[in-house]
């Protein structure tokens, strides 16, 4: 059975979680909120729902949402203010975050390619072909 949960705050924070993706829920939350910040859908100083509220609405543990917010804060995308809440950072460093995330995804792809028996030249050729498609 595939479960997909959806959460929306004033049509500005749509988050979809899927247990079929194989990606941990906290990572799905991080990736989706970061994408909204990068695209401008969540402008600077936008207040995000509380850890508890988001956890309840997504039907996940507050630990899951706390970790997602901690990752977003460590990436410089959000700030937490004691007693006030969590907000999109005024100077969100989306370029650095995107670069770090892309490096992580590429490292995973290289590892999987090696596990499939491809050597470095074959991996480079595949990457070059993919880049030329655009």
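Give the label of the value calculated from the structure for volume of the Cα convex hull per residue in Å³, choosing from (i) 105; (ii) 142; (iii) 116. Answer by label: (ii). Here the simple spin-label model places points 7 Å from the Cα toward Cβ, and for residue 91 and residue 31 these points are separated by 3.0 nm. Result for the chain in a Gaussian network model with C-alpha springs under 10 Å: among 44, 34, 103, the largest mean-square fluctuation is at 103.
Neighbour counting of Cβ atoms within 10 Å sorts the residues 71, 19, fewest neighbours leading, into 19, 71.
Normalised by the number of residues in the chain, the mean separation of alpha-carbon contacts (under 8 Å, six or more apart) gives a relative contact order of 18 percent. What angle, in degrees between 0 and 90 and rounded to the nearest 10, separates the Cα long axis of helix 120-132 from the longest principal axis of the Cα atoms of the chain? It is inclined by approximately 60 degrees. With respect to the chain, whose longest principal axis is taken over its alpha-carbon atoms, helix 25-39 is tilted by about 90°. Contact order, relative form, for the range 53-124: 16 percent (alpha carbon pairs under 8 Å, 6 or more residues apart, mean separation divided by residue count). Here each label is just a point 7 Å from Cα along the line to Cβ, and for residue 23 and residue 120 those points are 3.0 nm apart. When Rg and the Kirkwood Rh are both derived from Cα coordinates, the Rg/Rh ratio for the range 11-64 amounts to 0.96. Taking the chain as a Gaussian network of alpha-carbon nodes connected by springs under 10 Å, the highest mean-square fluctuation of the residues 120, 47, 108 belongs to 120.
On C-alpha positions alone, give me the angle between the axis of helix 94-115 and the longest principal axis of the chain, in degrees, nearest 10. Orientation of helix 94-115: about 40 degrees from the principal axis.
Where a number appears in this text, it was derived from the coordinates with a stated rule and is not lab data. This structure is a prediction, so every number in the text was calculated from the model and none was measured. Using ideal geometry, Cβ is built from the backbone for each residue, glycine included, and neighbour counts are taken over all protein chains shown.
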